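In what follows, a single structure is set out as structure tokens and then discussed.
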Amino acid sequence: MIHLLTHVLTSVFLFSFVAAAQGQEWKAPTAMKKLSNGLTVAVSEDHSAPTFGLCISYGIGFRLEPQGRTGFAHLFEHMMFEGTPDAPKGVFDRVIEGGGGFNNGDTRYDFTEYIESGPISTLDPVLWLEADRMKTLDFSVKNLDNQRSVVEEEVRVNVLNQPYGSFYWLDLPQKAFDTYPNAHNFYGDFKDLDAANIEDVKKFYEQYYTPNNAVLAIVGDVKTADVFDKAEKYFAGIPSRPTPPRPDVNEPLQKSERRFTESDKLARIPAFAIGYHMPSRSSPDAIVGAVTAELLHNGQASLLYQALVKEKQVAVSVDGGMNWPLGNPFEYNGPTLMTSFLVYPQNVTEDQLLAAYDGVMAELARKGPSREQVESIAAKMRSDWYSQLEIPIDRASALSHAVLFEGHFDSVYQIPDRVAKVTPEEVRSFVAKYLVPTNRTIINRVPTPADKTSSGARGEK
């Protein structure tokens, strides 16, 4: 039975992939509806198994949190699991996991999402629970203190007590960007977290966790009309509330390279983080940037890995991408970076590594990649995207983000075709325009004895 099911699912996937490769856009049955309170509901039917995937995304992320409230978006992701007056702490998890399901939450630059999956028989209780915590939460000092401690411990574990301290995704944006929305410590300064009180938490919830600032997406063994009816039943009675105006997240043009050095008491060998400013999501260059970033960073066949690790042996590892690592290159709604994270041996100097790195960029800007290289990475990107859409919870997530950013879901199904149309010349032109020293910020993270302090910034060149 397992082998038969695998064969059927594989056949469905291969059919859709081949159809798309032949120029036929694959699009799952999908519809959307906006309730009277502003909540947008997207539904995509998938009858391959009696299950569902659900994602509700709120229009609040790292870059949208108010000044003086750094880390609030992430803190509130945790607060949403503290329970409500009608479903106290623990009920949410017990209902979902007890029914054989799964749930989680994530905070990113432009959204906070909550995801659930499970047998289709549990959809109604899950919808009730999500609507319940959209109405209100259990606001108490105990719950706030509990989740504040959890978040601060997360910072200690993931940043303060880890080699490299996540500097390539936490420090780099703060150095590369200039405006508060993009350049503040989005994990949260302890002074801001410690200063938070119940009134702050209630205000944040009332402003951002409102139906008119959310998108609910459901994918699975459902009928579209039935889901719309359920959404009306559970969510329509929740009143909308005013949301703050979106801050100006635009960045001034960077005109010269920025270089910094940081010390690391836990790292044994040095590491480099290089961040280039990328075009806006609405720009035609954005999809070229996504393909270029994958060409440079995706796996051991990538251009940077082959040049820096295999050939010149000036690095021991290469990672990175566009809107990486807290997202994918298609889901951002403001300024973002293409980041290269390079770990290199002690016997290699900073200048040697950068010279080899820049050599790859110069060659790519001069000659461009081969057609075979572009077609190969495009095929992989399309395959990965289709594989993601085959999973109900991942498709629901992608749909909710697209609707939140654009008001519609069409772009979710257009991505593979757009990727396939990128040409070697477009990549060459993109590298020559965007991947230049004046458009980048570099942090060199070097091991330092425990009794030494940070060497600080070297300033902007």
Taking Cα pairs closer than 8 Å and at least 6 residues apart, the relative contact order of the chain in percent is 23 percent
Along segment 372-385, Karplus-curve 3J(HN,Hα) (6.51, -1.76, 1.60; θ = phi - 60°) to the nearest Hz, with x for Gly and Pro, reads 5, 5, 5, 5, 5, 6, 5, 4, 5, 4, 5, 4, 4, 5
About its Cα centre, segment 25-235 carries a charge dipole, from +1 on Lys and Arg Cβ atoms and -1 on Asp and Glu Cβ atoms, whose size in debye to the nearest 20 is 280 debye
Between the modelled labels at SER149 and LEU266 (7 Å from Cα along Cα→Cβ) the distance in nm is 2.1 nm
With the dipole of segment 25-235 defined by +1 on each Lys or Arg Cβ and -1 on each Asp or Glu Cβ, the option from LEU75, VAL159, VAL91 whose Cα lies farthest towards the positive pole is LEU75
Relative contact order of segment 258-460 (C-alpha contacts under 8 Å, at least 6 apart) in percent is 41 percent
Computed about the Cα centre, the charge dipole of the chain from +1 Lys/Arg and -1 Asp/Glu charges at the Cβ has a magnitude in debye, to the nearest 20, of 980 debye
Most exposed first, judged by fewest Cβ atoms within 10 angstrom, HIS408, HIS184 run HIS408, HIS184
Out of ASN104, HIS408, PHE139 - ranked by how far each Cα lies towards the positive end of the dipole of the chain, with unit charges on the beta-carbon of charged residues - the top one is HIS408
With 0.36 nm assigned to each residue of separation and the Cα-Cα distance removed, ASN250 to SER48 gains 68.4 nm
In deg cm²/dmol, rounded to the nearest 500, the helical mean residue ellipticity at 222 nm of the chain, built from -39500 (n - 2.57) for every DSSP H run of length 4 or more, is -13000 deg cm²/dmol
Output for segment 38-112: trypsin sites (Lys or Arg not before Pro) sitting in coil per DSSP, at most 16 other Cβ within 10 Å, listed by number, reads LYS89
The local net charge around ASP351, scoring Lys/Arg +1 and Asp/Glu -1 for residues other than ASP351 whose Cβ lies under 12 Å from its Cβ, equals -1
If TYR114, TYR434 are placed from fewest to most neighbouring beta carbons inside 10 Å, the sequence is TYR434, TYR114
Placing +1 on each Lys and Arg Cβ and -1 on each Asp and Glu Cβ in the chain, then taking the dipole about the Cα centre, the residue among SER44, TYR205, SER263 whose Cα reaches farthest towards the positive end is SER263
Expressed in nanometres to one decimal, the distance between label points 7 Å along Cα→Cβ at THR179 and ASP226 is 4.5 nm
Taking Cα pairs closer than 8 Å and at least 6 residues apart, the relative contact order of segment 25-235 in percent is 38 percent
Taking alpha-carbon centroids only, segment 339-413 lies from segment 198-246 a number of Å equal to 32 Å
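We did not get these values from a lab; they are worked out from the coordinates using the rules stated. Since the model is a prediction, treat every value here as computed from it, not as a measurement. Neighbour counts run over all protein chains shown; Cβ positions are idealised from the backbone, glycine included.
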